[in-house]
1. Using 0.36 nm per residue of separation minus the Cα-Cα distance, give me the extension gain between Ala161 and Gln406 in nm, one decimal.
2. Sequence-distant or interchain residues sharing an amide H contact under 5 Å with Asp67, placed H: which?
3. Can you tell me the order of 179-190, 130-141 when each peptide is scored by its average per-residue count of other Cβ atoms within 10 angstrom, highest first?
4. For the chain, what is the mean residue ellipticity at 222 nm derived from helices alone (per DSSP H run of n ≥ 4: -39500 (n - 2.57); sum divided by total residues; nearest 500 deg cm²/dmol)?
5. How high is the relative contact order of the chain, in percent, with contacts defined as C-alpha pairs under 8 Å that are six or more residues apart?
6. Of the lysine pairs in the chain, how many meet both conditions: Cα atoms under 26 Å apart, and a spacing of 8 or more in sequence or different chains?
7. Taking the Cα centre as origin and putting +1 on Lys and Arg beta-carbons and -1 on Asp and Glu beta-carbons, what dipole magnitude results for the range 49-162, to the nearest 20 debye?
8. Which Cys residues of the chain have no other Cys beta carbon under 4.7 Å away?
Amino acid sequence: MTTQWVKPPEGSWTEHYPELGTGPISFRDSISPEFYALERDAVFTRAWLNLCRVEELPEVGSYLTKDIEVTNSSLILVHGEDGRIRAFHNQCRHRGAKVADGSGREPELVCARSGWRYALDGTLRHVPNQDSYFDFDTADYGLVPVHCDVWAGFVFVNLDAQPRQTLREFLGPMVTGLDDYPFGTLTERYDWVAHNNSNWKIFADAFQEYYHVPSLHTQQVPAEVRNPAAGFTCGHFQLDGPHRLVSTAGTRRWLLAPEYMYPIERATQSGLVGPWRTPDIGDLPAGLNPGGIEPWGISNFQIFPNLEILIYGGWYLLYRYWPTSHNTHRFEAYTYFHPARTVRERIEHEVAAVVLKEFALQDAGMLGGTQAALEYDVVDEFPVNDQEILVRHLHKVTLDWVQEYQNR
Ligand SMILES: [Fe+2]
């Protein structure tokens, strides 16, 4: 069996983007409390951040709250009577209590402490004993809104007072090339959360390159990939503004080799590459495989700063990396499938979700040691190879955003 690796467009992938340079890079941005404070203001307060999908707010009155530690925010997202999803700071205008916690469905939002009642569009509707206030007008005390917009069913917020770009402008043509992917039909979801002892970028990096796969995931990859002499490389890398994409070729054919699988994968015909058969979900958008790889395997969209959408054709993974300090983060992982039509399909989905979780936890298991070693601060120049172009890009873009913010 021979493999046709796709070659870079000219020179190398990295040299195709001259602004990246080719020198060693520093990971000081991942060990510095001072840099973390700058990231909070320069990146997480100014970028569009994905908090959930529209399926989590299905009906008029559906709401959910999200805490964003890095920006010191608690937000509430609400499905309004006009069908729009809005975001507000989760704070009652009467002495500041949280208006809600968790998720649910209500005709209006009622603060448990004050009894103040807010309409689904955030306007203050009712105040107990309103006559006892002084010069009081409910019009002055609605919930504080946050910029909120939806792309392809992904609900984003922007905490900047005046976002510099619309959500669509921010996402740019490479990401919006997924406009026609049927995210809305893949609604069977499995999720889990990990609290990891590393800077958020260190974990994002683990899914930005496949260079480490033959070494770290020895049990999960076939011989063709595992053999260092095989020269396993990815098929296509692409950058667009602050966002990144990597596609791999032909994985499904290799991964159906039996020698590395768990027995449960063979028994259920599902696992690391998902269900071996998925229903026809129609023509996939060209933007899913912009490198034109044949046979195409997966495409991994890294949407700046902290969202990753990894599409395997008829199902997808979603990761979010939420910083909680300069050396910790909360990792949210989701697996999305079509709603199971049979018991067999349900089992296929559950097996895939569990095997994928193990795969991700193999990467997570490296984080504490990596972070600690970086903090020993012995070495500050690390060579980054052409297959790690996305690692180079994430750290450069983050630094660019911080420097641009400092220069203003
Ligand atoms: Fe990995």
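Throughout, read-outs are computed from the coordinates displayed, never taken from laboratory work. Worth saying up front: this structure is predicted, and the values here are computed from it rather than measured. Cβ sites come from the backbone with ideal geometry, for glycine too, and all protein chains shown count toward neighbours.
1. 86.5 nm
2. Here Leu75 satisfy the definition.
3. 179-190, 130-141
4. Result for the chain, helices only: -6500 deg cm²/dmol.
5. Computed over the chain, the figure is 21 percent.
6. Taking the chain as the scope, the lysine pair count is 6.
7. Dipole about the Cα centre, nearest 20: 240 debye.
8. Singleton cysteines: Cys52, Cys148, Cys234.
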